[in-house]
Amino acid sequence: MKSFAKLAGILLSMGMTTATMASVADIGRPAIIPEPQKIEMHAGSFTLNPETRVYVDSASGGTAAFLTKPLRRSTGFPFAIDEASIPGASITNGILLTTANAKTNLGPEGYELIATPDSVVIRAPSQAGLFYGVQTLLQLLPPEIYCSNRVVNADWQAPCVQIEDWPQFKWRGLMLDVCRHFYTKAQVETVLDAMALHKLNVFHWHLTDDQAWRIQIKKYPKLTSVGAWRDGVGFGLASNSTTAYGPDGRYGGFYTQDDIRDVVAYAAARHITIVPEIEMPGHATAALAAYPQFSCTGGPFVIPQKGGIFNGIYDPAKKETFTFLENVLTEVFQLFPSKYVHIGGDEVPKDTWKNSADCQALMKREGLKNEEELQGWFIRRIEKFVSAHGKTMIGWSEILQGGLAKNAAVMDWIGGAEKAASTGHDVVMSPTGYCYLDQYQSQDRSAEPHAIGGFISLQKTYSFEPVSPKLPKQYAAHVLGGQGNLWTEYIPNLNYAEYMIFPRECAIAEATWSPESARNWEGFEHRLQIHEKRLDELGINYRHNSKDLGKSASTR
Ligand code: ACM
């Protein structure tokens, strides 16, 4: 305590006010993001050295590799792995990862980590928990542990601690829009690595939109041969803002089914589930540029090079439209093991359906009073198909229009959580005011790269509560969690995407993992100073939390 008080005194003497200063308790804590549920600090430290061994049970070798890879790279020590002989209570100079004798009440993602001067023991009921324990151990060590080269003369100490940790929410997500701009398979995997660092577990892959269709569907090859490419990068951006050009010079790209399988496996190894999004009935211009026969007008459709809401919407009056969508979804179900499949459902302009005699006749036949009810009818029909295949449909707030489908979950971006949860539906929270990572990070736009508009500071994102104080308590159990969304209209490359994602997604990771009682802004800001060094070591771009450094990170 004495040294904390001394440090606080020094900070005060440096002119830091109490408003900007982390509390004394924060100063003494290891800089773990997201903050663990329970952490006890003890005297002393555990130090890595060339003889430190890693002990694992036979089922946990894969998880151990996620520890030894960065440890070996940065320290240069061998970290021999001992799978055969798990030592009993006393380990010297070793790290033990095991599921044996783990406390089952920690849950499927929880873990216990005990660091003493002799050893670090991580126990978890499942590999996911063990993996998160490994992430915590890495964060207990100096940030240079993430360095991709050997660091000489470092003092590889982790403080002695006892941690019990588990997530507050089971959906801790990030959405990436790969349609407005294309990110390669390798770039998506880079994003997944950064998610794993933050114990995030759902990657929502926005794969289809007006501006592109990015997933190979074997039955409909034109979806990608036509739908994945446009004449220019668009959005008023310079042609050299991206390298995603095909051999014919057109802008775009897509993922083959082999690519998708690889990315799904890469994510699974990091305990991340990928939820694919196939947009319907709107945001479908790229699909209809390829197959205009599934529209009301017959087209032609031109893939737009700008943002907005377009009239590329499917025709619900043709049974062929549903055959097409069901065939697409069937291939999607085979590629993604995820229980949830996102079907979009947002921002559907209704004038095309208003002007279509066939849609009006369908509405009359089905007793639908207006086009909102037609949207509800469309979504419910798709939901039946999704459910019949053992999956759960999730869609944006607007799927509530015209009556919510029976087993659907709602992703709330503009409201609807209470309505959905009060009628027994699960919800994922991604409200625009907190979680829209495409908005400016500073009010001084001149100091920021071009963004879509708005302003969401890191502090605002940090105040995100997945269970909104406005939601009556009895519905809280329906809130699965939350996620940040990166729409990429003005974000044509990975460096720029990372700048928009971090550190606001670090805040979302904490909002969805840590209990409210363990969260406070000053403590987070304080821990972020160390965390920024980790991001530096990992080569992850981010906006410095210090105002003055706002634009120091390149977005090209
Ligand atoms: C959305 O931002 N249109 C879901």
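Tally Lys and Arg at +1 and Asp and Glu at -1 over the other residues with C-beta under 13 Å from the C-beta of VAL264: what net charge comes out?
Neighbourhood net charge equals -1.
Taking the Cβ-Cβ separation of GLU522 and ASP231 as r and a Förster radius of 51 Å, what is the calculated FRET efficiency to the nearest 0.05?
Working from the Cβ atoms, E equals 0.55.
For the chain, build the convex hull from the C-alpha positions and give me its volume per residue in Å³. Walk me through the numbers on the way to the answer.
Details: hull volume 89.3 nm³, N = 556.
Roughly 161 Å³ of hull volume per residue.
With labels modelled as points extended 7 Å from the Cα through the Cβ direction, what inter-label distance (nm, one decimal) is found for SER457 paired with SER45?
Once both label points are built, they end up 3.4 nm from each other.
Picking from ALA212, MET280, GLY107, whose Cα lies most toward the positive end of the charge dipole for the chain (charges on Cβ: Lys, Arg +1; Asp, Glu -1)?
Highest projection toward the positive end goes to MET280.
Does the stretch 119-170 come out rounded, prolate or oblate, given a ≥ b ≥ c as the square roots of the eigenvalues of its C-alpha gyration tensor, rounded meaning a/c under 1.5 and, failing that, prolate meaning a/b above b/c?
prolate
Say each of THR243 and SER468 gets a label point 7 Å from the Cα, pointing the same way as Cα to Cβ; how far apart are those two points in nm?
The modelled label-to-label distance comes out at 4.2 nm.
So which lysines can LYS391 reach, going by Cα to Cα under 17 Å and dropping same-chain residues fewer than 8 places off?
Candidates past the 8-residue exclusion: LYS339, LYS406.
Suppose every Lys and Arg Cβ carries +1 and every Asp and Glu Cβ carries -1, with no other charges. What dipole size does the stretch 386-520 come out with about its Cα centre, to the nearest 20 debye?
Once rounded to the nearest 20, the dipole reads 400 debye.
Quick one: dipole size for the stretch 196-286, taken about the Cα centre, charges +1 on Lys/Arg Cβ and -1 on Asp/Glu Cβ, in debye to the nearest 20.
In debye, rounded to 20, the stretch 196-286 gives about 200.
As a test of the formula, what do you get for the chain when each DSSP H run with n ≥ 4 contributes -39,500 (n - 2.57) and the sum is divided by the residue count, at 222 nm and rounded to the nearest 500 deg cm²/dmol? Before the final figure, lay out each step's value.
Values: 18 runs with 182 residues, N = 556.
Using -39500 (n - 2.57) per qualifying helix, the result is -9500 deg cm²/dmol.
How far is it, in nm, from the label point at GLU347 to the one at ASN93 when both lie 7 Å from their Cα along the line to the Cβ?
With each label point 7 Å from Cα toward Cβ, the separation is 6.0 nm.
Excluding residues fewer than 8 places away in the same chain, name every one of the lysines whose C-alpha is closer than 23 Å to that of LYS103.
LYS103 reaches LYS38, LYS170, LYS199.
Every number here is computed from the coordinates shown, using simple stated rules; none is lab data. Every value quoted in this text rests on a predicted model; they were computed, and no experiment measured them. Because the Cβ atoms are built from the backbone with ideal geometry, glycine has one as well, and the counts that use them run over all protein chains shown.
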